1. Can you tell me which residue in the range 59-80 is surrounded by the fewest Cβ atoms within 10 Å (Cβ to Cβ), limited to those that are of a type in the set (A, V, I, L, M) and in a loop (DSSP other than H, G, I, E, B)?
2. Output yes when any residue across the range 6-13 is surrounded by fewer than 12 Cβ atoms within 10 Å (Cβ to Cβ), out of contact with any Phe, Trp or Tyr (no Cβ under 6 Å at 6 or more places or on another chain), of a type in the set (S, T, Y) and at pLDDT 90 or above, and no when none is.
3. Kindly indicate whether A17 is free of Cβ contacts under 8 Å to residues at least 24 places away in the same chain, out of contact with any strand residue (DSSP E or B) (no Cβ under 7 Å at 6 or more places or on another chain) and not in a loop (DSSP other than H, G, I, E, B).
4. Does the range 14-35 hold any residues that are aromatic (F, W, Y) and crowded, with 17+ Cβ neighbours inside 10 Å, and which are they?
5. Could you please find all residues in the range 41-58 being touching a strand residue (DSSP E or B) at 6+ places or on another chain (Cβ under 6 Å), open to solvent by less than 50 Å² (accessible area, probe 1.4 Å) and part of a helix (DSSP H, G or I)?
6. Do we find that P38 is buried (at least 16 other Cβ atoms within 10 Å of the Cβ), touching a strand residue (DSSP E or B) at 6+ places or on another chain (Cβ under 8 Å), outside any strand (DSSP E or B) and on the phi < 0 side of the Ramachandran plot in this structure?
Amino acid sequence: MDHMDWLSPADVDMEIAALKHALQSGGFVLWRSAARSPWYAANFAQQGFRVDAIAVRRPNTLDPLDRVNMYASFYKATMP
């Protein structure tokens, strides 16, 4: 889910609410972002998810996060 980078705050909140409704305890959402610290990670936390950074690109390095290597971060949000 990298499309959230381009959504409005209201649209992000609606999508997170829909995900929360669909997931059971222990379910999770994965996303990649063009930002190292995506603004909407806080929106997931506000709706009760535990948010963990799986990988974040370090500045001034060529180390890839994955084989795609076009994102700055990779996150996981888990329902408690």
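1. L62
2. yes
3. Spelling it out, it is not the case that A17 is free of Cβ contacts under 8 Å to residues at least 24 places away in the same chain, out of contact with any strand residue (DSSP E or B) (no Cβ under 7 Å at 6 or more places or on another chain) and not in a loop (DSSP other than H, G, I, E, B).
4. W31 - this is the single residue of the range 14-35 that is aromatic (F, W, Y) and crowded, with 17+ Cβ neighbours inside 10 Å.
5. Once the filter is applied, which keeps residues that are touching a strand residue (DSSP E or B) at 6+ places or on another chain (Cβ under 6 Å), open to solvent by less than 50 Å² (accessible area, probe 1.4 Å) and part of a helix (DSSP H, G or I), the range 41-58 yields A41, F44.
6. So P38 fits the description; yes.
The values are calculated or read from the model by the stated rules, or taken from the named source; none is laboratory data. Bear in mind that the values here come from a model prediction, so they are computed numbers and not experimental data. Positions of Cβ are generated from backbone atoms using ideal geometry, with glycine treated the same way; all protein chains shown enter the neighbour counts. To get the accessible areas, we keep the full protein, side chains included, count just its heavy atoms, and leave off ligands, DNA and RNA. Shrake-Rupley method; radii C 1.70, N 1.55, O 1.52, S 1.80 Å.
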